[in-house]
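What follows is a short report on a single structure.
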Amino acid sequence: MKRIVEIAELGKEDIPIAGGKGANLGELVTAGFNVPSGFVLTTASYDYFVKTNNLEGKISEIMDKVDPKSESSLNSASNAIRKIFDDAPIPADLVSETKAEYKKMWRGKRPGLVAVRSSATAEDLPTASFAGQQDTYLNVNSEEELIDKTKKCWSSLFTPRAISYRVTKGFEHSKVKLAVVVQRMVHSDVSGIMFTVDPNSEMPHVIIEAGYGLGEAIVGGKVTPDTYVVDKFHNKIISKNISKQTWKLVRGEVGDTVREEVPDKLQKAQKLTDEQILALGKIGNDIEVHYDKPMDIEWCVEDGEVFIVQARPVTTLKGNGKVEKMPNGEVGLAKSGKILVKGLAASPGKASGTVRMVSDEMNLEVVKQGDVMVTAMTSPDMVPAMTRASAIVTDEGGMTCHAAIVARELGIPCIVGTGDATHKLKEGTIVTVDGQTGVVVEGAEAKPEAAKEKVVVPVARSVPVTGTKVYVNVGVPQKAEEYSKLPVAGVGLMRIEFLFTSYIQEHPCALIEQGRQQELVDKLADGIAIVGKAFYPRPVILRTSDFKTNEYRDMKGGEKFEPKEQNPMIGWRGCSRYVSDSYREAFKQELKAIKKVRDEMGLKNVHVMLPFVRTIEELKKITGMMSEIGLERNRDFKLYLMAEIPCNIFMAEEFSDWCDGFSIGSNDLTQLTMGADRDSDVLGRMGYFDERNEAIKRAIKILIDAAHKKGRTVGICGQAPSVYPEFSEFLVKAGIDTISLNPDTVYDTIGTIASAEQRLLLESARKNLGV
């Protein structure tokens, strides 16, 4: 085995000789990424040093006496071993080889500064990073210092933290060896860290942290860096958090590392330009594609040139979407295909994954990317977990329950109303969910990619022109960019509830009580803006919050502000909240967020829709509150009402005086007209909850006629048009103005609408001709 190897000669399979860092740097060079040049003293050099000085026995004797739970014991052992290393000389021939390679790396030029970095054989692995456990030395400026720092790197294999970490991760001390990476020193103008997946939420974003100067300050957590979030699928900046940086680490006059003040004008400035952020995000995505796994990357920029100085797998993720594998590693069909559970097919698609049982009171972080989420019934505060799931299965619920709606929004399979999935399915087992047929089968029948099924937007698919405007429903802001490519006129329903459950995660009244109103406004505004920007200048109709008391009560801090109701579905919800003394201020924060989005962010395409409007009196009070905030109906700002209560139908003309149009909520309108609980799988199976019932159709026709009489538009944003093609035909014949659809049904439903319109034209022409 060679004792010294150039980085460019190494690959990821060389961890046993070059350590994790050295092997990964070599892999990056081979793949064409820009890595500072250098060489590696392999583990053969480490072994040669240890054996020549007979250190193995001495190390073992000390390590046998260590108590890993005792800080003093760890420190004592570390000091003793490191002193042994300091006192032992590096063999003369190895010193000569190292100095010769150091001169060679400069290609005849005057030698410059180098970084001397530890690279352990148990480092940067898919299961453990060992990040920061061994030492790194920057700005090393001579051959003699290089030899000294090499020995210090070797001995850093036995720092207290490294010893403790190996015990925690189950690595034998004698099995872990150290290589040393020597690289040209990059004098960073800006440097930082990049994750190719959000390490907390596991969302598919590139997270970039950036700060002035050498990266040691950022990696060590000594300064607060800028944080940029990039949508890696569309290479678009989602958010930027700019931090103030008053000092940075730079090279000193004698080659050491010193602190230097950041000029006042730069302290609050964005560290990277938008172009650099996007370029860096693409590099990160390319590295992830090369390794085929999420990566933790260290980078730096010198004179505008980006260098990658480290890349390792993100080791904190557990959502691997494990599936059964054949001996050759290929994903195979389930051995038996045994049907485990049956229910209502609520959202199409097929996905395989690991079963994760979820209940309201548990930590939702147990659901990792690609898992199959199984629960009695979902609630809004489960949405963050649902976005990570490959499929959803519930005991309860009907075709239009919360789980079904969210699953269709996310484009993942969903089966509801199984009755006993939480009892029949076993935690940690592999299953396949078929959302088309409503069955869960044993084992894996779909590759993991199926778990990430998304709305596919064909590049050149022809779409017929329709007189009826077609919109799309959006709940999860991160999907907005993708959905904006659909052939739609805008967003007919943006649900603000997803922002509360995913971005805010606390009861709004609790935030207000703590004096955090502005935080609430800013977070809501940021979420709304994601959708507004994606669809600009097309209209985005934002429905203000419509949580029920049981849903709000489950939010952090909610118990103090929410009463217990026997029937929350027809309880304190919608507009009745907005006009109550106990919730009025919370609603005003929503209005302020909308005002901020429209005025400060310039997104005048965002309009408002009020849910569950029971009386004209409450509507008058709410429009008064909106006026106080500065939101008044005009040519550029529209106010819509959800038509989901029978009183909205009976008093449509009166309500028309206070709005610009209606949007039919077919789910609530059906359950309140038919007296059928929308979440009842029993009534759903018996056919009582069905938007196609003649009573519902008559109600919709009455509303359309009354609204048109007053010059108001009528649309529909409920589930019916997305589920029943024949219902779309009825709406067209009834004179509906707009239809807002689930993203996965847009293309097919546009075809249905176009066909219905053509038939109406043909029938009208025949009638006029007397045929």
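Tabulated results
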read-out	value
So ILE90, is it open to solvent by 30 Å² or more (accessible area, probe 1.4 Å) and either more than 45 Å from the chain's Cα centre (by Cα) or modelled with pLDDT under 95 (or both)	no
Residue in the stretch 435-450 that is at pLDDT below 75, crowded, with 24+ Cβ neighbours inside 10 Å and under 23 Å from the mean Cα position of the chain (by Cα) present	yes
Residues of the stretch 359-377 that turn out to be crowded, with 22+ Cβ neighbours inside 10 Å and either on the phi > 0 side of the Ramachandran plot or more than 19 Å from the chain's Cα centre (by Cα) (or both), as a count	3
In the stretch 411-428, the residues that are surrounded by 15 or more Cβ atoms within 10 Å (Cβ to Cβ), out of contact with any Pro (no Cβ under 8 Å at 6 or more places or on another chain) and over 23 Å from VAL682 (Cβ atoms)	ILE412
Top-ranked residue in the stretch 69-84 [being surrounded by fewer than 16 Cβ atoms within 10 Å (Cβ to Cβ) and either at pLDDT below 85 or charged (D, E, K, R) (or both); ranked as nearest to TRP154 (Cα to Cα)]	LYS83
Answer residue from the stretch 243-266, given it is under 14 Å from ALA210 (Cβ atoms) and not hydrophobic (A, V, I, L, M, F, W, C) and is most open to solvent (accessible area, probe 1.4 Å) among those	LYS244
Residue count for the stretch 557-581, restricted to those that are open to solvent by 20 Å² or more (accessible area, probe 1.4 Å), on the phi < 0 side of the Ramachandran plot and assigned to a loop (DSSP other than H, G, I, E, B)	12
ALA131, sole failed condition from (1) at pLDDT 80 or above; (2) within 16 Å of ILE15 (Cβ to Cβ)	(1)
Only one of GLU559, GLU590 that is charged (D, E, K, R) and at pLDDT below 95	GLU559
The lone exception for LYS109 - which of (1) open to solvent by 50 Å² or more (accessible area, probe 1.4 Å); (2) touching a residue at least 12 places away in the same chain (Cβ under 8 Å); (3) of a type in the set (D, E, K, R) it fails	(2)
Test: residue in the stretch 141-155 that is among the β-branched types (Val, Ile, Thr), under 30 Å from VAL314 (Cβ atoms), open to solvent by less than 40 Å² (accessible area, probe 1.4 Å) and at pLDDT below 90	no
Flag for ILE15 being crowded, with 20+ Cβ neighbours inside 10 Å and farther than 22 Å from ILE147 by Cβ	yes
Which listed residue, of VAL180, VAL206, is aliphatic (A, V, I, L, M), over 29 Å from the mean Cα position of the chain (by Cα), modelled with pLDDT of 85 or more and part of a strand (DSSP E or B)	VAL180
Answer residue from the stretch 539-556, given it is within 22 Å of GLY624 (Cα to Cα) and β-branched (Val, Ile, Thr) and is surrounded by the fewest Cβ atoms within 10 Å (Cβ to Cβ) among those	THR544
Any hit, the stretch 625-635, residues being open to solvent by less than 20 Å² (accessible area, probe 1.4 Å), part of a loop (DSSP other than H, G, I, E, B) and small (Gly, Ala, Ser)	no
Index of the failed condition, GLU618 passing every other in (1) open to solvent by 70 Å² or more (accessible area, probe 1.4 Å); (2) of a type outside the set (Val, Ile, Thr); (3) touching a residue at least 40 places away in the same chain (Cβ under 8 Å)	(1)
Where ASP64 falls short, out of the listed (1) surrounded by 15 or more Cβ atoms within 10 Å (Cβ to Cβ); (2) modelled with pLDDT under 95	(1)
In the stretch 554-588, residue farthest from ASN648 (Cα to Cα) [restricted to those that are out of contact with any Phe, Trp or Tyr (no Cβ under 7 Å at 6 or more places or on another chain) and among the aromatic types (Phe, Trp, Tyr)]	PHE561
Residue ID - most open to solvent (accessible area, probe 1.4 Å), chosen from residues in the stretch 48-57 that are out of contact with any Pro (no Cβ under 9 Å at 6 or more places or on another chain) and under 22 Å from VAL180 (Cα atoms)	LYS51
Residue among SER347, SER352, SER336 that alone is open to solvent by less than 40 Å² (accessible area, probe 1.4 Å), in contact with a strand residue (DSSP E or B) (Cβ under 9 Å, 6 or more places away or on another chain) and modelled with pLDDT under 90	SER347
Candidate set: the stretch 730-770, residues that are among the acidic types (Asp, Glu) and out of contact with any Lys or Arg (no Cβ under 8 Å at 6 or more places or on another chain); chosen: the one nearest to ASP660 (Cα to Cα)	GLU757
Residues that are within 29 Å of VAL531 (Cα to Cα), in a helix (DSSP H, G or I) and in contact (Cβ under 8 Å) with a residue 24 or more places away in the chain, drawn from the stretch 224-283	ASP274, GLN276, ILE277, LEU278, ALA279, LEU280, GLY281, LYS282, ILE283
Residues of the stretch 25-37 satisfying the condition of being closer than 20 Å to SER191 by Cβ and open to solvent by less than 10 Å² (accessible area, probe 1.4 Å)	LEU25, LEU28, PRO36
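For (1) in a loop (DSSP other than H, G, I, E, B); (2) farther than 21 Å from SER666 by Cα; (3) of a type in the set (Phe, Trp, Tyr), each residue gets a yes or a no:
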site: GLY353; (1), (2), (3): no, yes, no
site: GLY370; (1), (2), (3): yes, yes, no
site: MET382; (1), (2), (3): no, yes, no
site: ALA389; (1), (2), (3): yes, yes, no
site: VAL393; (1), (2), (3): no, yes, no
site: GLY397; (1), (2), (3): yes, no, no
site: ALA404; (1), (2), (3): no, no, no
site: THR432; (1), (2), (3): no, yes, no
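The values are calculated or read from the model by the stated rules, or taken from the named source; none is laboratory data. Owing to the predicted nature of the structure, the values given are computational and were not obtained by experimental measurement. Neighbour counts are summed over all protein chains in view; Cβ atoms, including those assigned to glycine, are modelled from backbone coordinates with ideal geometry. Note: accessible area is taken over every heavy atom of the protein model, side chains too, but ligands, DNA and RNA are not part of it. Shrake-Rupley method; radii C 1.70, N 1.55, O 1.52, S 1.80 Å.
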